[in-house]
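The numbers here are math on the coordinates, done by the rules we state, and not lab data. What you see is a predicted model, and the numbers here were worked out from it, not measured in a lab. Cβ atoms come from the backbone with ideal geometry, glycine included; neighbour counts cover every protein chain shown.
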Amino acid sequence: MTQAQIGVTGLAVMGANLARNLARHGHTVAVHNRSQYRTKALIEEHGHEGAFVACDTPEELVAALERPRRVLIMVQAGAPTDAVIEEFAPLLEPGDMIVDGGNAHFLDTRRREAALRERDIHFVGAGVSGGEEGALLGPSIMPGGSKESYQALGPMLEDIAAKVDGVPCCTHIGPDGAGHFVKMVHNGIEYADMQLIAEAYDLLRQGLGLTPAELADVFEQWNESELSSYLIEITAEVLRQVDAATGKPLVDVISDQAEQKGTGRWTVQIALDLGVPVSGIAEAVFARSLSGHAELREVSRALPGPSGATAGSAGEGFAEDVRQALYASKIVAYAQGFDQIRAGSTEYGWDINPGSLATIWRGGCIIRADFLDRIREAYEAETKPVTLLAAPYFTDALILAQESWRRVVVKAAELGIPAPGFSTALAYYDALRAERLPAALIQGQRDFFGAHTYRRVDREGSFHTLWSGDRSEVEA
Ligand code: NAP
């Protein structure tokens, strides 16, 4: 009987394309899906692309695999993933591997990894980015799990991952849920990046009165600058698209209510738990959420905007200002995302190498960008930056951008154009560089109403002022 190197169960778009990618790289792939029509369709349409073993049942799939067995699950995240694990785990033997390439919550991955470890089965939560095209042609892959499992699995995953300068966009991220955690934050950064680009579009459209086709040209030019990235590239394509039915720019006939599915929201929820200020990602999630509140927006349309503001009046130099503001805000969003990864790594003892992440995000994934090379360099430098903003390359970029950035935030407020991503990024930058923050006053207020105590700048210890007494200070 043919011995397949890997089995893939779940043959919707992602699973089918990963199976094809594996087969095209010379691996024999056993394939299975709950509904058999998907397995049949894959073999009929793409069977000629490589060596597939079609399996009707989990038992057949397991029997077709060489040892240690590698079973890649590509089904819906949540309960379906648990159900499929429970179907396969009893069929496996110690040392075998289950890989979950879906968008699982990293806490689920930690739970599953611990449970399967008890049964001597390796569980690898692998973040996969790049959508359906990436899955077929080369995704960015972020596998967690044990080092031992990576030894058996890594070469195969590196084979099918995207390559940049010959380097595969796949590396072992760290134990248990590290891979899915990093994929989650990757998606959070993607939310922030997309929001910032959308704000730049809105500012240029309203501020300069440019048409979508003209804006497509602007984004195309920007793609030649340090902003060069997949998201900027596809922005130009979307803006250039004309709706066949109406002849209007497609962007004008698409409903302006964005969806926010699991991972962006999770990133912010977890950031709150970890106490990491990812304000750029949070604003991006909230902006999508606001866009979806149709009723709230309907009744609010009558609210007055700034008087005397003229659309299209932003003037010369505004486009370059917006480009600089976009770049600076993007640096902040990525810095915040990397801070969250460091905090998660510390909290869960993952020992994640941020430089290697920047390396594997350079290709295959949605946030791929030239800029990630600069992040990699920053983290590979002898002195590791506490924040990316303090890495010399990024500090210089912020210095160069900052006047433009401030002008854009002011202009957005003057014209009444919402730019929450740009504004929050600038506020973060200013808060980080502030000599003193008003948090001192907040501590005073907290001590006043709740005797929460405060620390002093000139002495060790905690203190409380007797606010309802003689207002003298006591050591707490
Ligand atoms: P999907 O729509 O998320 O899931 C459909 C697949 O799950 C089908 O094969 C379906 O089998 C199977 N399934 C659902 N419930 C099941 C159950 N209880 N038992 C067995 N099989 C079950 O597929 P997808 O879009 O290809 O995504 C797969 C995974 O990759 C998801 O976790 C997704 O979040 C993640 N992901 C997706 C993308 C993307 O761009 N789409 C990118 C990265 C990661 P049937 O055919 O029998 O219904």
Once you treat every alpha carbon in the stretch 138-193 as an equal point and sum by Debye, what is log10 I(q)/I(0) at q = 0.26, 0.29 Å⁻¹? -1.02, -1.10
For SER468, SER291, order by how many other beta-carbon atoms lie within 10 Å, fewest first: SER468, SER291
Kindly put LEU61, LEU227, LEU437 in sequence by how many other C-beta atoms sit within 10 Å of each C-beta, fewest to most. LEU437, LEU227, LEU61
With the Cα gyration tensor of the chain in hand, convert its eigenvalues to equivalent ellipsoid semi-axes via √(5λ) and list them largest first in whole Å. 43, 31, 20
Kindly provide the GluC sites (Glu not before Pro) of the stretch 290-356 that DSSP labels as loop, not H, G, I, E or B, and whose Cβ sees at most 14 other Cβ atoms within 10 Å. GLU316
Would you mind calculating the gained length between VAL410 and GLU220 on full extension (0.36 nm times residue separation, minus the Cα-Cα distance), in nm to one decimal? 65.8 nm
Run the simple label-point estimate for ALA439 and GLU460 please: 7 Å along Cα→C-beta, distance reported in nm. 2.1
Over the chain, what relative contact order in percent results from Cα pairs under 8 Å that are six or more residues apart? 12
Using the Cα centre of the chain as the reference point, and only Cβ charges (+1 on K/R, -1 on D/E), how large is the resulting charge dipole? Debye, rounded to the nearest 20. 520
Rounded, prolate or oblate: pick one for the stretch 293-348, where a ≥ b ≥ c are the square roots of the eigenvalues of its C-alpha gyration tensor, a/c under 1.5 means rounded, and failing that, prolate if a/b is larger than b/c, else oblate. oblate
Where the convex hull is taken over the Cα atoms of the stretch 183-433, what is its projected area averaged over directions, in nm²? 14.4
Using only Cα atoms, locate the centre of the stretch 76-98 and the centre of the stretch 210-278, then give the distance between them in Å, rounded to an integer. 36
Number of Lys-Lys pairs in the chain under 23 Å by Cα, sequence gap 8 or more or different chains? 9
Nearest 5 percent is fine: what portion of the DSSP beta bridges confined to the chain is antiparallel? 40
Interchain or sequence-distant (5+) residues whose placed amide H lies within less than 5 Å of the amide H of VAL31 are VAL8, VAL53, ALA54, CYS55
The residues LEU372, LEU290, sorted from fewest to most surrounding Cβ atoms within 10 Å, come out as LEU290, LEU372
